[in-house]
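Encoded as structure tokens, the structure appears first; notes follow it.
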Amino acid sequence: MMLPGRLFRLFALGGMLLLAGCSSEPSGPDTGSLDVTVAGVPTQTNVVLLLQGPAGGASAPTRTLAGSGLVSDLPAGSYTLTALPASVGATRYDPSPASQPLSITKSTTPLRVTITYALGTGGIAITVTGVPFDATTPLLVTGPQGYSQGLTKGQTLMGLDPGTYTVSASDVLFRGNRYAPEEPSQSVAIAAVSEPADVTVEYLQITGALQVAITGVPCGEAGNVQVTGPDGVQTVLRTSTLNGLRAGLYTIEAQPVIHAGRPYQPSPGTQQIQLDTGATASATVSYGSGGAPGVNFTIDGAYVVQIVQRPDGGVPLIAGKPGLLRTFVASVEPSAQMPPVRARFYRGGALVDTRTIAPPATSAACAEEGTLASTWNEELAASFITTGLSVLLDVDPDNTIAESDEGDNVWPTSGQPYQLDVRATPPMSVRFVPVTQSATGLTGGVNASTVDNFIAFARKLFPFATINVDVRPPYTTSTPALQNNDANHAWTTILNELNVLRTADGATQHYFGVVKVEYGSGIAGYGYVPGFAAIGWDYLPSGQLIVAHELGHNLGRFHAPCGGAASTDPNFPYPGGVIGVYGWDPAFKLLRTPSTTDLMGYCGFQWISDYNYEGIIDFLEFAPTIAAAARLPRPSLIVWGRRDRGQLVLEPAFAAVTAPSLPSEAGPFRIEGLDANGRVLFTHSFAGEHPAHAEDPDARQFAFAVPLSPSEQASLASLRLSDGARTVVRRAATAASIAGASVDLREVTRGGVRARLRWTAPAPLAVVRDAATGQIVALARDGDATLTAPAGRELIVELSDGVRSGAARRLRVERRQ
């Protein structure tokens, strides 16, 4: 086809113009770029990369890169990219390659490089068994490159370079008993893996006790008995128990005692005892005499008792708690006239008070610890007992009674004041929580007017000058009705919920839930050992005994061996779970005998032993403290659950703005949060808390507030709970959205105080809060729950899809139509 001439020329001209345009020199990029991908480290890990160039050499400029990203406008040339090791807590991740040369060219296409990190360290989890939990166990961990770390208890060490490590353990002497490690030295190979290698240091008690009873010596005199055995020679002056003795043959030799020029002969003079490991043997030496020496008063001993005390006065005193000074005056023979005792008190070496203590009404030749009427007694006010207090005593200070020896009337015999071991303990705070059972409508009967009745026994017995209490608004549980044998696990579930409540509240107090039950005998309480949550029934006066018992568990005390109690303390020193020494009841001004049962047993909760009283004092010295800055409220995710009777339960998680609360120590369990791609957003290893009365010794519960921003919570897709190396339970977000769920809240009966909450979405949990305070009033389940809420009350309801919370809904309890 022929085109018209004019058109052909235009086409040709256009073609020439086009050809001219194609032949011009294009303008290309002046620089290049680098696209760096970092893999193998947890999200938000601080990764540091160094890009040096383009000239190369030590003088080349260096840029610092923060992980993955695009670096633009790089002059063309040779570069070196160096990746530094990254740390997550104590764990180190090593890069590969650690350093690589790069050539940047002028291009719009970036040079792509990948740096893959891998675990470069491992860890070791050291568990100590066979000694009391509060004993100090000297351990030494040594390893490659001169690594050396001393420990005083079982602990998990992370961030260790791979290699062979040695765990060395030494003997432990604790409260008179000696323990030896079954393996003094163990080697363990540490690999670069996330789970620490397990090492168990098992201790065995290698000692026993020997009770030496000395009778027949005159008051104020001591026996003279030498005990010789594998541990050498010990001198015994009075009836006493020698603890921490190695097993073997012991020889007991007694020497005569001279008093007022008259000899007292021992019988037998020599005897031998075979002592076995862990056993208590006994020997008796009886002295005999003739004639009657003259009158001579001495002070055989003295101590201050607040609740319980040993004869040597070794139980520490608590500042701000009242006490009783008991002075034991001895007289070789009865006297018709009994002298007073002068007590001089000092603080910091300065005399602050002098008191004259009148003699007892009865005439006694020898003071008896078991009889208040035989000792010189002086009550000391709570405000008087402070740290730095000491006392000096003398009997018959004015020498009004003629004695055969006027120079032995002072105690201590050195003439120097006796320094009292007075300690200041921090106040204890307990928040009581009335628990309403949705299944029965019953609410625990504790309120502002009755709460002092529940805490009274603990205030009396525990080593605190102050126990503060308050009462939280009621909490409603959706568990089944409480049973006297907890066959339906309702008791332990409520205990778990109380721990969640405390965590969500961001509280520092102990939480004690009070429930009303429909039976008269059976389970009356549960508490963590140790921990910060407990629960008990509201029957009084037994309720105050239950409170003291369960709070005792919270303070680290196990059961005393009495009444069939489970999980008893193997180191409790007194058979039958008795207190073993004399106690004093300041309210009734009377003594508690050594045969009185300890409150941590199942035989009446009568008093507390010196062992448990001192154990609480020791526990307080090692109790975890929470820094104020670390407890500022932050957006957090409440994750909680339990293991009971071998089954793991992972409860629905929910959001809260509260103080973060994370595991204080690593353990066999692990809780993880993952996004839709399986990326781990958080992971925590923990040991869990043990309900003291659980039949299952492996039962554990947990509740943590994991700090997560709202955007991080929104990216959560599932939670995973692991037991050891095996994943046993997983909770994923429900498939259906909870955003459009219908929620209904209305009163059950006209003019009543109960309301029914129902929702349509497949949300396993509804978190119900008081609109005025923001406090949780119920954790409701399964789409239907009955609450304590009158018509008109405003509540905030947040539905959980299992791993996170939906939008909050502000609802008012509607009146029934």
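With r defined as the distance between the Cβ atoms of Ser742 and Glu621 and R0 fixed at 56 Å, what FRET efficiency is calculated, to the nearest 0.05?
0.55
Once the piece of chain linking Ala439 and Asp35 is laid out straight, how much longer is it, given 0.36 nm per residue of separation minus the C-alpha distance between them?
Gain on extension, Ala439 to Asp35, equals 139.4 nm.
Skipping prolines and chain starts, which residues have an amide H placed within reach, meaning under 5 Å, of the one on Arg793, given they are 5 or more residues away or on another chain?
Val813
Under 5 Å between amide hydrogens, which residues at least 5 positions from Thr121 or on another chain qualify, with H placed 1.01 Å from N in the peptide plane?
Result for Thr121 returns Arg92.
On the protein heavy atoms, probe 1.4 angstrom, tell me the percent of accessible surface of the chain carried by carbon and sulfur. Show your work: numbers first, answer last.
Numbers: 19070 of 36180 Å².
So the carbon and sulfur contribution to the accessible surface is 53 percent.
Between Gly667 and residues 5 or more places away or on another chain, which pairs have amide H atoms under 5 Å apart, with H built 1.01 Å from N, and which residues are they?
Those qualifying (amide H under 5 Å, at least 5 residues apart or on another chain) are Phe686, Ala687.
Just the number please: accessible area per residue for the chain, 1.4 Å probe, all protein chains included, in Å².
Each residue of the chain exposes 44 Å² on average to a 1.4 Å probe.
Students often get this wrong, so try it: which of [x] 1.14; [y] 1.00; [z] 0.98 is Rg/Rh (Cα atoms, Kirkwood Rh) as calculated from the structure shown?
Recomputing Rg/Rh (Cα atoms, Kirkwood Rh) here picks out [x].
Can you spot the aspartates and glutamates whose alpha carbon is less than 17 Å from Lys321's alpha carbon? Ignore those fewer than 8 places along the same chain.
Glu378, Glu379, Asp421, Asp585, Asp610, Glu614
Assuming a ≥ b ≥ c are the square roots of the Cα gyration tensor eigenvalues, decide whether the stretch 208-260 counts as rounded (a/c under 1.5), prolate (otherwise, with a/b larger than b/c) or oblate. Numbers along the way, then the final one.
Working: a/c = 3.18, a/b = 2.08, b/c = 1.53.
Cα axes put the stretch 208-260 in the prolate bin.
Quickly estimate the mean residue ellipticity at 222 nm for the chain, helices only: each DSSP H run with n ≥ 4 gives -39500 (n - 2.57), and the total goes over all residues, rounded to 500.
Dividing the helical sum by the residues of the chain leaves -3000 deg cm²/dmol.
Which aspartates and glutamates have a Cα lying under 16 Å from the Cα of Lys516, excluding residues fewer than 8 positions away in the same chain?
Asp486, Asp538
Among 489-501, 648-660, 436-448, how do they line up from the highest to the lowest mean number of other beta-carbon atoms within 10 Å?
489-501, 648-660, 436-448
When the Karplus curve 6.51 cos²θ - 1.76 cosθ + 1.60 is applied with θ = phi - 60°, which whole-Hz ³J(HN,Hα) does each residue of the stretch 385-400 get, with x for Gly and Pro?
Here the 3J(HN,Hα) series is 7, 9, 5, x, 7, 9, 9, 10, 10, 8, 8, 6, x, 9, 6, 7 Hz.
What is the distance in Å between the Cα centres of the stretch 751-792 and the stretch 562-611?
Here the answer is 44 Å between Cα centres.
The values are calculated or read from the model by the stated rules, or taken from the named source; none is laboratory data. None of these values were measured; they are calculated from a predicted model. Virtual Cβ from ideal backbone geometry, glycine too; neighbours counted across all protein chains shown. Heavy atoms of the whole protein, side chains included, go into the accessibility calculation; ligands, DNA and RNA do not. Shrake-Rupley method; radii C 1.70, N 1.55, O 1.52, S 1.80 Å.
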